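Asker: Can you read through this structure? Questions will come right after.
The values are calculated or read from the model by the stated rules, or taken from the named source; none is laboratory data. Predicted model only: the values in this text are computed from it and were never measured. When we count neighbours, we look across all protein chains shown, and the Cβ atoms used for this are built from the backbone with ideal geometry, even at glycine. Just so you know, the surface numbers come from the protein's heavy atoms only, side chains and all, with ligands and any DNA or RNA stripped out. Shrake-Rupley method; radii C 1.70, N 1.55, O 1.52, S 1.80 Å.
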Amino acid sequence: MAGNQSKLVIVSGVCAAIGLGVAWAAGQGGSQLGAISVLLACGFIAFGINWLAFIPANIVKTEKYYDLTGSLTYLSVVVFAATYSQPLDDRAMIAAAMVVVWALRLGSFLYLRIQKDGKDSRFDKIKTSPPRFFLTWTLQGLWVVLTSVCALTIITSATSVPLGIFAYAGIALWCVGFAVEAISDEQKRRFKNDPANKGKFISSGLWAWSRHPNYFGEIVLWLGVAVMAVPVLAGLQWVALISPLFVILLLTKISGIPKLEQTSDKRWGDDPAYQAYKARTPVLMMKPPSSA
């Protein structure tokens with residue numbers, strides 16, 4: 001048991017080192033705050049907020065404020081980066097607004113959902129083990145750093161490039177992704193809140209186009225931010241493009257689609273209607289439902 005706990009602490013340290021390493025590299029050539037870059041300071045803030053939030057959460061063994069803390073972390077690092085990287089050009093202000101709007105929308109949605117449900121079953125076993133619970137909060141800090149690094153690089157960059165094709169393409173991608181994510185989340189919320197749908201799976205609206213349209217939207221919007229960042233990247237700052245790759249890996253291979261698909265298969269795997277839904281609906285990429 002002690003050995004496993006030690007491994008969890010080491011993994012937490014490695015995650016922090018990776019996040020801070022990426023922040024350091026992406027911050028090269030950007031705004032400075034004393035001896036360190038503003039972007040690296042954002043990395044320390046991201047982990048610091050989550051480690052502080054872990055303390056009361058661990059004491060009372062609750063995950064109710066986990067997602068809300070994640071959104072507040074995004075808001076904190078963006079506001080900090082914008083405050084200490086003045087003056088901001090149009091690209092920086094747009095990138096900051098994108099992250100703020102996304103974080104406010106998703107954070108409020110997830111917080112209200114867990115308040116209604118009472119708990120997040122994913123944490124049932126995790127929150128009883130302080131090292132595992134601490135790792136979860138550390139991973140959230142890593143998630144914030146790696147996901148937002150393109151936006152933070154834009155905001156803190158010392159290079160100002162007029163808006164052009166990359167900016168407009170990135171904005172368009174972000175708008176499409178944000179709309180898909182928000183609409184699909186709302187469609188599923190309404191579906192689950194209807195007593196007539198208790199025990200059923202959703203296969204209507206955007207969920208007829210993809211089995212995970214919200215994740216598709218999430219990937220597209222962060223890809224849009226990455227496209228916006230391309231004109232200002234130079235040298236080590238190119239490491240910022242890990243952002244969309246990390247989001248894709250996280251959602252398609254680690255904590256997103258695999259776990260939800262496994263849960264759905266356990267619940268409805270023997271249901272012919274669910275089997276038909278899986279057969280005709282892509283797991284991630286969106287495709288108009290056939291009329292057949």
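Asker: So if R0 is 22 Å, what FRET efficiency would Q86 and Y168 give, r being the distance between their Cβ atoms, rounded to the nearest 0.05? Present the calculation step by step, with values, prior to reporting the outcome.
Answerer: Numbers: r = 25 Å, r/R0 = 1.12.
It comes to 0.35.
Asker: If I take every Cα pair under 8 Å that is 6 or more residues apart in the chain, average their sequence separation and divide by the length, what percent do I get for the relative contact order? Write out the running numbers ahead of the final one.
Answerer: Values: 389 pairs, mean separation 65.2, N = 292.
Relative CO of the chain lands at 22 percent.
Asker: Working with all protein chains in place, sort T62, T73, T128 by solvent-accessible area computed with a 1.4 Å probe, largest first.
Answerer: Details: T62 25, T73 0, T128 100 Å².
Per-residue accessible area, sorted high to low, gives T128, T62, T73.
Asker: Continuing with the same structure: Just to check I understand the Karplus step: with θ = phi - 60° and J = 6.51 cos²θ - 1.76 cosθ + 1.60, what whole-Hz values come out for segment 207-212, glycine and proline as x?
Answerer: Once θ is set to phi - 60°, the couplings for segment 207-212 become 6, 8, 8, 7, 6, 9 Hz.
Asker: Among the trypsin sites (Lys or Arg not before Pro) in segment 118-183, which ones are in a DSSP loop with at most 15 other Cβ atoms within 10 Å of the Cβ? Mind listing them?
Answerer: Those satisfying the criteria are K119, K125.
Asker: Right, something else. Along segment 82-96, what does the Karplus equation 6.51 cos²θ - 1.76 cosθ + 1.60 (θ = phi - 60°) give for ³J(HN,Hα), rounded to whole Hz, x for Gly and Pro?
Answerer: 5, 5, 9, 10, 5, x, 8, 8, 4, 4, 5, 5, 5, 4, 5
Asker: I'd like the per residue volume of the convex hull spanned by the Cα atoms of the chain, given in cubic angstrom.
Answerer: Working: hull volume 40.3 nm³, N = 292.
Each residue corresponds to 138 Å³ of Cα convex hull volume.
Asker: If you line up the long axis of helix 213-229 against the longest principal axis of the chain, both from Cα atoms, how many degrees apart are they, to the nearest 10?
Answerer: Orientation of helix 213-229: about 20 degrees from the principal axis.
Asker: Hey, another quick one. Which value in deg cm²/dmol, rounded to the nearest 500, describes the helix-derived mean residue ellipticity at 222 nm for the chain, given -39,500 (n - 2.57) per DSSP H run of n ≥ 4 and division by the residue count? Can you show the working numbers first?
Answerer: Working: 10 runs with 196 residues, N = 292.
Here the helix-only value at 222 nm equals -23000 deg cm²/dmol.
Asker: What's the local net charge at G217, with K and R +1, D and E -1, over the other residues with C-beta under 14 Å away?
Answerer: Values: positive: R105, K188, R211; negative: E181, D185, E186, E218.
Local net charge: -1.
Asker: Residues of segment 129-152 with amide nitrogen under 11 Å from the 7 Å Cα-to-Cβ point of V9?
Answerer: Those under the cut-off are 131.
Asker: Moving on. What does the net charge come to around D265 if you take all other residues with beta carbon closer than 14 Å to its beta carbon, with K and R at +1 and D and E at -1? Before the final figure, lay out each step's value.
Answerer: Numbers: positive: R211, K259, K266, R267, K278; negative: E261, D270, D271.
Cβ neighbours under 14 Å give a net charge of +2.
Asker: Carbon-plus-sulfur fraction of the accessible area of segment 152-292, 1.4 Å probe, in percent? Display every interim value, and only then the final one.
Answerer: Working: 4780 of 7330 Å².
That fraction is 65 percent.
Asker: Still on this structure, I have one more. Rounded if a/c is under 1.5, else prolate if a/b is larger than b/c, else oblate: which is segment 186-236, with a ≥ b ≥ c the root eigenvalues of its Cα gyration tensor? Intermediate values should be presented prior to the final figure.
Answerer: Details: a/c = 4.96, a/b = 3.98, b/c = 1.25.
Verdict is prolate for segment 186-236.
Asker: Now for a different question. Tally Lys/Arg at +1 and Asp/Glu at -1 over every other residue whose Cβ is under 15 Å from the Cβ of V161; what's the total?
Answerer: On the way: positive: R91; negative: D89, D90.
Net charge around V161: -1.
Asker: Could you work out how much longer the chain between A196 and K125 gets when fully extended? Use 0.36 nm per residue separation minus the Cα distance between them, nm to one decimal.
Answerer: On the way: separation 71, 0.36 × 71 = 25.56 nm, distance 3.11 nm.
That pair, A196 and K125, stretches by 22.4 nm at full extension.
Asker: For the chain, what is the accessible area per residue in Å², given a 1.4 Å probe and the full set of protein chains? Let's see the in-between values first.
Answerer: Working: 14190 Å² over 292 residues.
Per residue, the chain has an accessible area of 49 Å².
Asker: I would also like to ask the following. For the pair L112/D271, report the inter-label distance in nm, with labels modelled 7 Å from Cα in the Cβ direction.
Answerer: It works out to 2.5 nm between the two label points.
Asker: Hey, what angle do you get for helix 38-60 against the long axis of the chain, alpha-carbon based, 0 to 90 degrees rounded to 10?
Answerer: 50
Asker: Let me ask something else about it. Can you give the FRET efficiency to the nearest 0.05 for L75 and T263, using r as the Cβ-Cβ distance and R₀ = 35 Å?
Answerer: Numbers: r = 30 Å, r/R0 = 0.87.
After rounding to 0.05, the efficiency reads 0.70.
Asker: Where in segment 136-239 are there trypsin sites (Lys or Arg not before Pro) that are in a DSSP coil and have at most 16 other Cβ atoms within 10 angstrom of their Cβ? Mind showing how you got there, number by number?
Answerer: On the way: sites: K188, R189, R190, K192, K198, K200, R211; in loops: K198, K200, R211.
Answer in residue order: K198, K200.
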